[in-house]
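Here is the structure we will look at.
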Amino acid sequence: MDVLIALGIGTTFKVTALSWIAYKRQKVYVGKVSRINVFPLKSARELQNITNVTLTKHGLMTKGLSDRHWVVTRNGQRQNIGFLPTLTLIRTSVEGTNLRLDAPNVEPLMLPIHPDINQENLVTILVKEQKQSTLDCGDKAAAWISKVVGKENLRLHHSAPSLEKRLSHQVLKDWPTQIRKHDEVAFQDFVPCMIMCQSSMDVLNQRLDKPVSSLQFRPNIMIEGSEPFDEVNWETIYIGDKASTKFVDNCTRCAIVTVNPETGTRSKDNQPLEELKKFRCMEPYGPFKPVMGLHTAVETEGDIKIGDPVYVVKK
């Protein structure tokens, strides 16, 4: 009899545990897409009025332009807002078959979206200590970007679709992540899609004397309707009819978020980074790398538009 009771208890426990796991694996509605940002040139401004995109394995794409597939280098090293904050003054748009770059006090620069590739314009640059084959955009583009930024030895590079991309797992981290061996990026730091929640942004701004724009965090997709910071519990994110991404890591923040995208200058009080450090630091990232947003890798490619419902499977 004792054996039967024990077996019964064990079976009940197992069924309850499996039911709990099944419940945890259900898709839960968390909100809808409220904003989509595509940054063709890393560290420059986003394309304006984007309402729909295609999520590809290398990031968001619209009108033939892929997110962060152009980059500025100096002496062969990738540059970003941390090195050149005035890159945020460059505005991007599409004109015919060209990526158009506009900046104060200079004529616009036109870069072909689908340039010719030959051995003469193929060069290797360093991106986060990794070698990457790129297309050099030429001397005219180099002179333009040097004039805009006010620095010498700058060049523009493009990661054309046919060129190999970087493997994300080779980016060195001081903590474990859920990146996979096959995940790739162009000139993004780590992953092809960064997601943030408007409610989390609202909480941060309520704590600041001067609210800041979400553009200082440069997310690809903003979601409205979720609970503040609930995104730390998300594992798989389903957007619209087909597209989905997978949590890889929380997005740790640095001094880049202190740069105002409208002025290209850093805040004198180091905000909003200092405020984030007060309530968004956690293990295993330590006391100086606050978390805001999610790094995600692409699970399923698909179209995304403003207003699409977002469902998640939680951890």
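Return the residues of the stretch 287-315 that are surrounded by fewer than 18 Cβ atoms within 10 Å (Cβ to Cβ) and out of contact with any Asp or Glu (no Cβ under 8 Å at 6 or more places or on another chain); say none if nothing qualifies.
Across the stretch 287-315, the qualifying residues are P287, F288, E299, T300, E301, K305, I306, G307, P309, Y311.
Working only within the stretch 112-135, note down all residues that are within 23 Å of the chain's Cα centre (by Cα), part of a strand (DSSP E or B) and closer than 14 Å to L41 by Cα.
T134, L135
Return yes or no: is D241 closer than 22 Å to P192 by Cα, more than 20 Å from the chain's Cα centre (by Cα) and either hydroxyl-bearing (S, T, Y) or assigned to a loop (DSSP other than H, G, I, E, B) (or both)?
So D241 passes the test.
Do we find a residue being among the aliphatic types (A, V, I, L, M) and at pLDDT below 55 anywhere in the stretch 26-45?
no
Do you know which residues across the stretch 134-159 are at pLDDT 95 or above and polar (S, T, N, Q)?
Of everything in the stretch 134-159, those that are at pLDDT 95 or above and polar (S, T, N, Q) turn out to be T134, S146, S159.
Please work out which one of (1) of a type outside the set (F, W, Y); (2) within 30 Å of Y285 (Cα to Cα); (3) surrounded by fewer than 17 Cβ atoms within 10 Å (Cβ to Cβ) is the condition E95 fails and give its number.
It fails just one condition, (2).
Quickly run through the stretch 68-78 and pick out the residues that are surrounded by 21 or more Cβ atoms within 10 Å (Cβ to Cβ), out of contact with any Pro (no Cβ under 7 Å at 6 or more places or on another chain) and farther than 18 Å from P108 by Cα. Don't jump to the end; show me each part of the working.
Step one: of the stretch 68-78, the residues surrounded by 21 or more Cβ atoms within 10 Å (Cβ to Cβ) are 68-73, 78.
Subsequent filtering for residues that are out of contact with any Pro (no Cβ under 7 Å at 6 or more places or on another chain) retains 68, 71-73, 78.
If the condition is that a residue be surrounded by 21 or more Cβ atoms within 10 Å (Cβ to Cβ), out of contact with any Pro (no Cβ under 7 Å at 6 or more places or on another chain) and farther than 18 Å from P108 by Cα, then R68, T73, R78 are the ones that fit.
Can you name every residue in the stretch 77-97 that is over 22 Å from V185 (Cα atoms) and without any contact (Cβ under 8 Å) to a residue 40 or more places away in the chain?
E95, G96, T97
For the stretch 236-274, which positions are touching a residue at least 60 places away in the same chain (Cβ under 8 Å), basic (K, R) and surrounded by 21 or more Cβ atoms within 10 Å (Cβ to Cβ)?
Hit for the stretch 236-274 is K246, nothing else.
The values are calculated or read from the model by the stated rules, or taken from the named source; none is laboratory data. In this text the structure is predicted, and so the values were computed from the model without any measurement. Virtual Cβ from ideal backbone geometry, glycine too; neighbours counted across all protein chains shown.
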